[in-house]
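Every number in this text was worked out from the coordinates using simple rules, so none of it is lab data. Because the structure is predicted, anything quoted here is derived from the model rather than measured. Ideal geometry is used to build each Cβ from the backbone, glycine not excepted, and the neighbour counts take in all protein chains shown.
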Amino acid sequence: MAQMRENKAKRKLERGGIVTMLMGAHNSPDMIDFMGQFGFDSILIEG
């Protein structure tokens, strides 16, 4: 069975840190790769 990855954004919040998040409505793989390079803690993509 595959292991669940650690939710790093959730852990950061639990330690009192600030989480940066980007939200977008893009379904293009190229756009998703592009957004991933900016260092956000979390990206929410709504298709």
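May I have the convex hull volume per residue, in Å³, for the Cα set of the chain?
In the chain, the Cα hull volume divided by residue count equals 101 Å³.
Amide H neighbours of Ile43 under 5 Å, counting only residues 5+ apart in sequence or on other chains, H built in-plane at 1.01 Å?
For Ile43, whose amide H was placed from the backbone, the distant partners under 5 Å are Leu22.
In nm, to one decimal, how far is the Met21 label point from the Phe38 one, both placed 7 Å along Cα→Cβ?
1.5
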